[in-house]
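The values are calculated or read from the model by the stated rules, or taken from the named source; none is laboratory data. These figures come from a predicted structure and were not determined experimentally. Cβ atoms come from the backbone with ideal geometry, glycine included; neighbour counts cover every protein chain shown.
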Amino acid sequence: MSEARIIDGKAFAAKLREQVAADVQALKVEHGVTPGLAVVLVGDDAASQVYVRNKGEQTLAAGMHSETHRLPADVSQDDLLALVGKLNADPSIHGVLVQFPVPDHLKQSDIVAAISPDKDVDGLTVTNAGRLASGLPALTPCTPLGCMMLLKDALGDLRGKSAVVIGRSNLMGKPMAQMLLAADCTVTIAHSRSQDLPGIVRQADIVVAAVGRAEMVKADWIKPGAVVIDVGISRFPSRDPVAAAAGKTRLVGDVAFDEVKAVAGAITPVPGGVGPMTIACLLANTVTAAKRLNGIGA
Ligand SMILES: Nc1nc2c(c(=O)[nH]1)N[C@@H](CN(C=O)c1ccc(C(=O)N[C@@H](CCC(=O)O)C(=O)O)cc1)CN2
Ligand SMILES: [Mg+2]
């Protein structure tokens with residue numbers, strides 16, 4: 001059997017950003033609306049700083065208004081919620097998100113609950129999660145939205161496919177399962193406590209790994225020809241000791257890529273697979289929110 005097709009999320013995301021930029025231009029010209037995204041970063045987590053900087057740069061590159069609010073790691077919950085309230089009320093802002101993880105003294109669920117569902121471009125509020133689960137128009141979490149785009153591109157029609165999602169987070173596993181269900185897949189949500197995880201995964205035409213354990217999914221877990229989407233990002237010191245000493249890292253997904261690609265039909269790499277889709281979908285969600293807030297048909 002031939003090796004898996006490598007799904008190029010980086011190229012797909014670049015095309016999506018071009019489409020978003022065209023939509024933004026049309027919104028400006030036809031409606032005088034410039035979509036605006038506000039990102040709130042608490043503390044100095046190294047990876048979050050990179051993601052937030054990329055969000056700001058890509059928002060501007062798409063022609064949108066971008067604001068980044070950096071708060072100290074010891075900010076109080078009240079001060080953070082007050083900022084979210086101000087952004088909810090700001091007519092130049094159509095998307096509001098707080099970058100995760102936040103420091104331990106802050107309560108993630110209360111922060112999410114403070115975001116206006118109309119501006120919830122992470123799709124995390126109970127309103128948007130409920131709307132997704134109910135089959136109503138919703139803003140939906142960016143990473144699973146990106147996974148769905150890659151899956152539809154790889155497979156076309158997903159109807160009747162057996163899909164296993166490994167992971168049950170609000171940001172990824174649960175919305176991913178809802179999106180696959182909405183596409184008429186037969187969906188199983190598995191997780192680190194599932195019994196016989198390899199046996200469950202082996203049934204799947206579509207495997208989405210979002211469990212956060214480096215290289216956990218092995219080749220003998222995969223049905224030959226299955227499409228494998230790897231959402232994991234674990235960071236390790238570079239294999240080159242000189243580079244490692246200089247602080248260089250390498251990224252590893254939840255899937256043992258080198259062995260799984262010999263069995264799968266198609267697979268996303270890490271990096272360059274799902275990751276770049278996250279910010280591209282965030283931009284797309286911000287345009288969707290701007291249209292809905294201005295009563296413009298999406
Ligand atoms: N409020 C949110 N917080 C977090 C989210 C989120 O969607 N909303 N997701 C992740 C972080 N994230 C975006 O915020 C994100 C993760 C990864 C990438 C990405 O482009 N990954 C690249 C590798 C980049 C690298 O070198 O580190 C890839 O996989 O190719 C973009 C955004 C958690 N927090
Ligand atoms: Mg302003």
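Report whether or not residue 33 is on the phi < 0 side of the Ramachandran plot, in contact with a helix residue (DSSP H, G or I) (Cβ under 8 Å, 6 or more places away or on another chain) and within 16 Å of ligand 2 (Cβ to nearest atom).
yes
So which residues in the range 1-14 are part of a helix (DSSP H, G or I) and within 15 Å of residue 152 (Cα to Cα)?
Keep residues of the range 1-14 that are part of a helix (DSSP H, G or I), which gives 9-14.
Within the range 1-14, 9, 12, 13 qualify.
Could you tell me whether residue 165 is closer than 25 Å to residue 221 by Cβ and either outside any helix (DSSP H, G or I) or among the aromatic types (Phe, Trp, Tyr) (or both)?
Yes, satisfied.
Report yes if some residue within the range 163-176 is more than 16 Å from ligand 2 (Cβ to nearest atom) and either in the same structural domain as residue 67 (by TED's automatic domain parsing) or within 30 Å of residue 28 (Cα to Cα) (or both); otherwise report no.
The first filter runs over the range 163-176 and keeps only residues more than 16 Å from ligand 2 (Cβ to nearest atom), leaving 163-176.
Next, only the ones that are either in the same structural domain as residue 67 (by TED's automatic domain parsing) or within 30 Å of residue 28 (Cα to Cα) (or both) stay: none.
Among the residues of the range 163-176, not one is more than 16 Å from ligand 2 (Cβ to nearest atom) and either in the same structural domain as residue 67 (by TED's automatic domain parsing) or within 30 Å of residue 28 (Cα to Cα) (or both), which makes the answer no.
Considering only residues that are over 26 Å from residue 6 (Cβ atoms) and in contact (Cβ under 8 Å) with a residue 40 or more places away in the chain, look in the range 146-204 and name the one that is surrounded by the most Cβ atoms within 10 Å (Cβ to Cβ).
Restricting to residues being over 26 Å from residue 6 (Cβ atoms) and in contact (Cβ under 8 Å) with a residue 40 or more places away in the chain, the top hit is 178.
So which residues in the range 1-11 are crowded, with 20+ Cβ neighbours inside 10 Å and within 13 Å of ligand 1 (Cβ to nearest atom)?
If the condition is that a residue be crowded, with 20+ Cβ neighbours inside 10 Å and within 13 Å of ligand 1 (Cβ to nearest atom), then 7, 9 are the ones that fit.
Just the residues that are in contact with a helix residue (DSSP H, G or I) (Cβ under 6 Å, 6 or more places away or on another chain), among the small types (Gly, Ala, Ser) and either free of Cβ contacts under 8 Å to residues at least 40 places away in the same chain or surrounded by 18 or more Cβ atoms within 10 Å (Cβ to Cβ) (or both), please, taken from the range 131-145.
Listed by number, the list holds a single entry, 138.
Can you pull out the residues in the range 59-81 that are among the polar types (S, T, N, Q) and without any contact (Cβ under 8 Å) to a residue 40 or more places away in the chain?
Result: 66, 68, 76, 77.
Looking only at residues that are under 11 Å from residue 257 (Cα atoms) and in contact (Cβ under 8 Å) with a residue 60 or more places away in the chain in the range 209-236, which one is nearest to ligand 1 (Cβ to nearest atom)?
Residue satisfying both the conditions and the ranking: 229.
Could you say whether any residue in the range 20-34 is farther than 14 Å from residue 286 by Cα, within 16 Å of ligand 1 (Cβ to nearest atom) and touching a residue at least 24 places away in the same chain (Cβ under 8 Å)?
No, that holds for no residue.
Going through the range 55-67 one residue at a time, which ones are within 11 Å of ligand 1 (Cβ to nearest atom) and either within 21 Å of residue 26 (Cα to Cα) or exposed (fewer than 14 other Cβ atoms within 10 Å of the Cβ) (or both)?
Hit for the range 55-67 is 58, nothing else.
Any residue at all in the range 85-96 that's in contact with a strand residue (DSSP E or B) (Cβ under 8 Å, 6 or more places away or on another chain) and more than 16 Å from ligand 2 (Cβ to nearest atom)?
Among the residues of the range 85-96, not one is in contact with a strand residue (DSSP E or B) (Cβ under 8 Å, 6 or more places away or on another chain) and more than 16 Å from ligand 2 (Cβ to nearest atom), which makes the answer no.
Which of the residues belonging to the range 36-71 are in contact with a strand residue (DSSP E or B) (Cβ under 8 Å, 6 or more places away or on another chain) and either in a loop (DSSP other than H, G, I, E, B) or on the phi > 0 side of the Ramachandran plot (or both)?
Matches in the range 36-71: 43, 64.
If you check 99, 77, which single one turns out to be surrounded by 15 or more Cβ atoms within 10 Å (Cβ to Cβ) and away from ligand 2 (no atom under 11 Å from the Cβ)?
Being surrounded by 15 or more Cβ atoms within 10 Å (Cβ to Cβ) and away from ligand 2 (no atom under 11 Å from the Cβ) holds for just one of 99, 77, which is 99.
Considering each residue of the range 102-114, count those that are surrounded by 13 or more Cβ atoms within 10 Å (Cβ to Cβ) and either near ligand 1 (Cβ under 10 Å from one of its atoms) or closer than 21 Å to residue 143 by Cα (or both), and give that number.
Total meeting the criteria: 5.
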